[in-house]
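A.B. asks: Here it is, the structure, as structure tokens.
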Amino acid sequence: MIATETSFAEFIKDFEDTLHHLFHEHEDINKLSLERGMPPSLLAKIMDKKPLSVAVPEQFGGRGTKVKECFGILSAASYESLSLSLIFGINIALFIEPVVKYASESVKADVFKNFLSGQKMGGLMITEPAYGSDALNMKTSYKSVDNGYAISGTKHWQGLTGMADYWLIACRKELESGELGRDIDFFIADSKIEKQKVVVKEYYDNLGLYMIPYGLNKLDLFVPEDHKLEPESTGIKMMLDILHRSRMQFPGMARGFIKRMLDEAIKHCSNRVVGAGSLLEMDQIQYQLARIQSAFTVSSAMCVRSCDISGIEHQLAASGIEANSMKAVVTDLMQEASHLLVQVSGANGYRTSHIGGRGIKDSRPFQIFEGSNEMLYSQIAEAVTRHMKKLKQGNLFTYLSELNLTKAASLYFKDKLNFQIDEALVQRKLVDLGRVIARLVSLEYVLDLEPRGFRKDLIENCVDVMKVDINALVGSFRFPNKVNVVRDYQEGSNWMDFAL
Ligand SMILES: Cc1cc2nc3c(=O)[nH]c(=O)nc-3n(C[C@H](O)[C@H](O)[C@H](O)COP(=O)(O)OP(=O)(O)OC[C@H]3O[C@@H](n4cnc5c(N)ncnc54)[C@H](O)[C@@H]3O)c2cc1C
């Protein structure tokens, strides 16, 4: 059946049933997740359902690159396996969507045909061994040669290393002076063509996400002219548009994962009897589960907002506050939800075959990749304080209560946020402030769910949990702290010298 002929409700139901069958009846996901990689026959059965068709435009036989459908696939996958969801996330946000939006028409037909009928996959290469957070200074370079471009450099930590059929490669132009230009350009490499092949120098021992290979990649390639993505203005703006859209897709992966943590926690705590009753009857367990449920509500609200604003028709280069808030908050929540599930599961949670234990390892790098969360929080605070300065508005509450992104949410914190920010903030305070603002933005999304008809009790509970967190974070921001590490700390710090 052609993907576009099926309604999305039928399509996603069939996909969910397939995953359930493959991971629980055909194979045992808890055992499978202990092995690196995925059996090719299993992957082929999953890809037979054409999950990536959701991201491919209709004129190339796909379902039309609708954010809601992409999130449906990401969420269904992450309920069963976060690795599988990230495989789809990489393909959709880091390869297919950038190609749909920025590649020349002459390459699209072939690429998308191969995705839809050849089960092909693609990934994105930005990070280099010496340039991760500082990606703009990357050293991979290209120069024009006859009929195309020669690219050389070294990349590492690419999801789907050695497995992807296509790569989007970020690099800088080599100028005649031998220096590298400041802009970033992107090129498509097709590994079935010898001259475009990326050479894997080493596979990494990634801590979690065992299904996905990572490693060190050497590039010495030639790609034809039409493999260069064409930005609307600068390459850096294109990169921001791509990365912001991708960060806005994290809620799609997070929502299924957090829902699974919640369902497992409720099931376990209902059945586990400790002392006179079930764990679920204990007050502190109720609070821990309410926190996971609040994370579920936040991620759901972000999905709804993202569907409104993150389609490929939108230019997102300037949407840093929302993109960074969604990515950083939802990945913190994924990590917290898996820790809470492990804690309420007792010793059983501390097994690699346990979904919670695995969840801790699998969700951890989401706080590091695509912009480490600390970097994103400080960028949010920088953007806000810069804007406050421009408006000559020093009072945080007044500013946030007038900002569309935090208008309603900030009203819950009128007293707490009623202070001046007049001086430049040190980095740790930027991170603290960013944490506060990102959660206010997230709370605003949750409040926006109510008029759409989302369950009121979940919204109310979520507001309560967010109030606890935001109040604590404002306290942390306002508490003066200049503590620094003592580098040569050995002398005078051996406790044995002081014990009787
Ligand atoms: C599982 C996984 C998947 C990945 N997938 C891909 C992929 O598909 N493609 C790809 O190209 N790359 C990928 N990466 C690489 C990832 O994007 C980088 O690891 C990340 O950008 C951080 O770069 P780095 O490792 O060089 O750390 P560094 O840049 O050395 O930073 C280390 C830490 O320092 C802190 N820090 C650094 N700069 C700042 C700042 N400005 N403000 C505040 N704190 C800061 C942060 O805590 C950061 O985590 C992946 C990484 C992992 C772990």
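What follows draws every value from the coordinates through simple rules; no lab data is involved. Values in this document were obtained by computation on a predicted structure and should not be read as measured data. Neighbour counts run over all protein chains shown; Cβ positions are idealised from the backbone, glycine included.
A.B. asks: Please order Phe498, Phe366 by the number of other Cβ within 10 Å, starting at the fewest.
C.D. replies: Numbers: Phe498 8, Phe366 24.
So the residues, fewest neighbours to most, are Phe498, Phe366.
A.B. asks: Another question, if that's okay. Roughly what would the spin-label model give for Asp183 and Thr234, points 7 Å off Cα along C-beta, in nm?
C.D. replies: 1.0
A.B. asks: Would you tally the net charge around Ile212, using a Cβ to Cβ cut-off of less than 10 Å, leaving Ile212 out, and scoring K and R as +1, D and E as -1? Could you put the intermediate results ahead of the total?
C.D. replies: Details: positive: Arg36; negative: Asp362.
So the environment of Ile212 carries a net charge of 0.
A.B. asks: Then there is this: Between Ala318 and Ser117, take the C-beta separation as r, use R0 = 25 Å, and let me know the FRET efficiency to the nearest 0.05.
C.D. replies: Numbers: r = 37 Å, r/R0 = 1.50.
With a Förster radius of 25 Å, E is 0.10.
A.B. asks: Now, a different point. Compute log10 of I(q)/I(0) for the stretch 1-60 with the Debye formula, placing one identical point scatterer on every Cα and leaving out solvent, at q = 0.12, 0.24 Å⁻¹, to two decimals.
C.D. replies: Cα-only, vacuum Debye calculation for the stretch 1-60: -0.35, -1.02.
A.B. asks: At 222 nm, what value in deg cm²/dmol follows for the chain if DSSP H runs of at least 4 each add -39500 (n - 2.57) and the sum is divided by all its residues, to the nearest 500? Spell out each step's value before the answer.
C.D. replies: Numbers: 16 runs with 235 residues, N = 500.
Helix contribution divided over all residues of the chain: -15500 deg cm²/dmol.
A.B. asks: Rounded to a whole number, what is D in µm²/s for the stretch 240-478 from Stokes-Einstein with the Kirkwood radius over alpha-carbon pairs (25 °C, 0.890 mPa s)?
C.D. replies: Working: Rh = 18.4 Å.
Diffusion coefficient, whole number: 133 µm²/s.
A.B. asks: So if we plug the beta-carbon distance of Ser133 and Ser41 into 1/(1 + (r/R0)^6) with R0 = 56 Å, what FRET efficiency do we get, rounded to 0.05? Could the numbers behind the result be given before it?
C.D. replies: Details: r = 39 Å, r/R0 = 0.69.
Between Ser133 and Ser41 the formula returns 0.90.
A.B. asks: If I model a spin label as a point 7 Å beyond the Cα along the Cα-Cβ vector, how far apart are those points for Asp14 and Arg428 in nm?
C.D. replies: 5.6
A.B. asks: Compute the whole-percent fraction of alpha carbon pairs in the stretch 342-486 spaced more than 23 Å apart. Numbers along the way, then the final one.
C.D. replies: Numbers: 4985 of 10440 pairs.
When every Cα pair of the stretch 342-486 is considered, 48 percent fall beyond 23 Å.
A.B. asks: Another question about this same structure. How do Trp167, Trp157 rank when sorted from fewest to most other Cβ atoms within 10 Å of their own Cβ? Write down the numbers at each step before the final one.
C.D. replies: Values: Trp167 29, Trp157 20.
Going from sparsest to densest Cβ surroundings: Trp157, Trp167.
A.B. asks: Could you give the distance between the Cα centres of the stretch 145-161 and the stretch 314-373, to the whole Å?
C.D. replies: Centre-to-centre (Cα) distance: 30 Å.
A.B. asks: Of all the Cα-Cα pairs you can form in the stretch 352-410, what percent are over 17 Å apart?
C.D. replies: Numbers: 979 of 1711 pairs.
The proportion of pairs with Cα distances above 17 Å equals 57 percent.
A.B. asks: Given charges of +1 on the Cβ of Lys and Arg and -1 on the Cβ of Asp and Glu, with all other atoms neutral, how large is the dipole of the chain about its Cα centre, in debye to the nearest 20? Working shown, then result.
C.D. replies: Details: 58 positive and 63 negative charges, 122 e Å.
The calculated dipole for the chain is roughly 580 debye.
A.B. asks: What pairs in Lys13/Lys195; Lys389/Lys456; Lys68/Lys429; Lys237/Lys407 have C-alpha atoms more than 31 Å from each other? Write out the running numbers ahead of the final one.
C.D. replies: Working: Lys13/Lys195 41 Å; Lys389/Lys456 38 Å; Lys68/Lys429 36 Å; Lys237/Lys407 28 Å.
Long pairs (Cα-Cα over 31 Å): Lys13/Lys195; Lys389/Lys456; Lys68/Lys429.
A.B. asks: How high is the FRET efficiency between Tyr350 and Asn471 when r is their beta carbon distance and R₀ equals 35 Å, given to the nearest 0.05?
C.D. replies: 0.65
A.B. asks: Which of Tyr287, Tyr377, Tyr131 comes first, and how do the rest follow, when ranked by fewest Cβ neighbours within 10 Å? Each step should come with its number before you reach the end.
C.D. replies: Working: Tyr287 12, Tyr377 25, Tyr131 15.
The fewest-first ordering by Cβ neighbours comes to Tyr287, Tyr131, Tyr377.
A.B. asks: Could you tell me what a quarter of the Cα convex hull surface of the stretch 48-106 works out to, in nm² with one decimal place?
C.D. replies: Values: hull surface 16.3 nm².
Mean orientational projected area (the stretch 48-106, Cα hull): 4.1 nm².
A.B. asks: Using Cα-only point scatterers and the Debye equation, what is log10 of I(q)/I(0) for the chain at each q in 0.05, 0.07, 0.09, 0.12 Å⁻¹, rounded to two decimals?
C.D. replies: Relative scattering, expressed as log10 I(q)/I(0), comes to -0.21, -0.41, -0.67, -1.17.
A.B. asks: Report the charge-dipole magnitude of the stretch 240-478 in Debye, nearest 20, computed about the Cα centre from +1 at each Lys and Arg Cβ and -1 at each Asp and Glu Cβ. Display every interim value, and only then the final one.
C.D. replies: Numbers: 30 positive and 26 negative charges, 58 e Å.
Around 280 debye, computed over the stretch 240-478.
A.B. asks: Let me ask you something else. Find out how many positive minus negative residues lie around Asn137, taking Lys and Arg as positive, Asp and Glu as negative, among other residues whose Cβ is under 11 Å from that of Asn137. Walk me through the numbers before you get to the answer.
C.D. replies: Details: positive: Lys139, Arg172, Arg182; negative: Glu128, Asp134.
Local net charge: +1.
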